[in-house]
Every structure is written in structure tokens, then in C-alpha cells.
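Read through the structure below, which is laid out as C-alpha cells, and then see the notes.
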Amino acid sequence: MTRVACPAKINWSLRITGKRPDGFHELETVFQTISLHDTLLFRDSDRLTLTCDDPAIPIDETNLVLRAARAVGASNVAIELQKRIPAGGGLGGGSSDAAATLRTLGAGRGDLAEIALSLGSDVPFFLAGGTAYATGRGEILTPLPPIDAALLLVLPEERVLTKDAFARVTRYSRPLGIDAYRDFASFTNDFEEPVFAMLPQLRAYKQRLYDAGATWAGMSGSGSTIAGAFASAAARDDAAARFEDVRIERAETIHNHGL
Ligand code: C5P
């Protein structure tokens, strides 16, 4: 039996820099893996199966774990998914599960990055994790120095479909280049304006994180998760007491996918 942790991510920054001929958008983003994670268990079996402890997660052929397993030719493995990363929150849970499946069942293959991108724009990042600058659809990756932070995640019940969020983007940003991402001052998210217009309560959560002492707060991906970074775990835990009206998770940044 093999047990693999599949970390969630946040985006410290996310600029949408253009639309591509293939329908996807060009991004400039800074990804960060965090300690909140799903777990995958792999056991030998006579066929390929997937089970999940969360009945809301589809375990049919649309699930990225099964698609990843098939893409690397796995056929004799029973996979169990213990789901802890909320779906539809911009935290990349499904993409991380897929990347962990590729690393586990496709170990040694030279084409994992390519297969990863065929499964989703965020999947290549999760093959290595950590802190990374990304362009293209998110697959042209350069590692950045690690950022240590205690995080408080606010997880509103409202969910945002990534496709809908992209459809609401009306103007594109100029890319800043990797050297601009050395400090929190340049961390912004182009999805905030259109998504906050749709769900104003998300803007209020961001402000409340700053009011509670966050050194930085912003939306992850296309939302709806709002993340806050704090100078210490103690400061984060003090802030957490002010969010009793909404689901929260505490997390730490991690340097790679090893938990
Ligand atoms: O790649 P992924 O399946 O995660 O993307 C979900 C949707 O988000 C795509 O169908 C596309 O509409 C949009 N997308 C985009 N540009 C990106 C990533 C995603 O337009 N770089």
C-alpha cells in the first residue's frame, strides 16, 4: 500500500495577460502549495477502481484521478481518495490529486509534464509544488525562494466555476516578469474584480482578514477561497477567533509536496 499526500495550493498573485488561439488564457501567476491536503491510498488489485469518502465527489471516468491513472497505463490498482480540500474553491484539489496519481503510478516516465497539462492547467505545477512562478496556461514553471507563512483560509459556501470567472474578465494585464514577485506588494489577483462584483461578501472577507492583522490577503485562483497570511501561527490563531460565521481552515505554506 502506498499513501500519498496531495496538497492544496493558493495563488499569491494571478495576472491574466491575454487570450490564446486555443481558447485558454495566458497567465502570470505565483503558485504556493500548502499543508491542507487530500490523501490518496494505492493498493494492488485485479482492476482499476476509485473510491472516495466524500459522496459529493464524482468517482466516474470524469474524475481526474482515474483519468491520470489511465493516462499512464495503470490497470491493476485500487485507489482510495480521502477528500479534505473543498471542491470549487480555487485550491486546486482535483489537480493535486491528479498530479499525485501521475507521480505514483507513472514514476520514471519522461512525459509526465505533458500528460499533466492534458489533464488540466494547474496539474503540472503540482508535480513539483513549493513556491513557483508560472506563465503560459500555468505550465511554464520556475521555482521561487520558499515563502514561510501561517495562513488562514476563508471558505465561503458560494462556489465559482473557473470557466465563468474567465468569461467575466474584460481586460488583460501586462505581465510584470519574475523579478517583480519578490514582495507581497506585487501580489494581486485579476479575478478579484469580476468575482467580487458577483459575490461582494468575498471582498468583505478579504477586508476582515486585513482588519484581523493579515500581512497579505487575497483570493485564490478564481475563488471563492480568500486566503490571509500572518506573521506567526499565534497571530493567525488570534485572527481565526474572529471568523466564527464562516468555514475556515488553518494551513502553513510547504516547500514541496512532501508533507
Ligand atoms: O485547464 P482547466 O481544465 O483547469 O481549465 C478550466 C477552464 O478554465 C478551461 O476550460 C478554460 O475555460 C479556463 N482556463 C483558461 N485559461 C487557463 C486556464 C483555464 O481559459 N490558463
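Annotation: lysines with alpha-carbon distance below 18 angstrom to residue 83 (same-chain offsets under eight excluded): 9. Using only side-chain charges placed at the Cβ, +1 for Lys and Arg and -1 for Asp and Glu, the dipole size of the chain relative to its Cα centre rounds to 340 debye. Once you've got the GNM for the chain with C-alpha springs shorter than 10 Å, pick whichever of 95, 186, 13 has the biggest mean-square fluctuation. Of 95, 186, 13, the most mobile in the Gaussian network model is 186.
Relative to the longest principal axis of the Cα atoms of the chain, helix 93-105 runs at roughly 40 degrees. Within straight-line reach of residue 163, meaning a Cα separation under 17 Å, sit the following lysines at least 8 residues removed in sequence or on another chain: 19. Exposure proxy for 9, 206: other Cβ atoms within 10 Å of each Cβ, ordered fewest to most, give 206, 9. The value obtained for the chain, namely the Cα convex hull volume divided by the number of residues, is 126 Å³ per residue. Loop-located GluC sites (Glu not before Pro) across the stretch 203-255 with a Cβ neighbour count of 10 or fewer within 10 Å are 244, with loop assigned by DSSP.
Over all other residues within a Cβ to Cβ distance under 15 Å of residue 156, the charged ones net out to -1, with Lys and Arg as +1 and Asp and Glu as -1. Each of 148, 238, 38 has some number of other Cβ atoms within 10 Å of its Cβ, and from fewest to most they run 148, 238, 38.
Based on the Cβ-Cβ distance from residue 237 to residue 186, what FRET efficiency comes out when R0 is 30 Å, to the nearest 0.05? Could the numbers behind the result be given before it?
Details: r = 28 Å, r/R0 = 0.92.
Computed FRET efficiency for residue 237 and residue 186: 0.60.
Throughout, read-outs are computed from the coordinates displayed, never taken from laboratory work. Nothing here was measured: the structure is a model prediction, and the numbers come from that model. For neighbour counting, all protein chains shown are included, and Cβ atoms are generated from backbone atoms with ideal geometry for every residue, glycine included.
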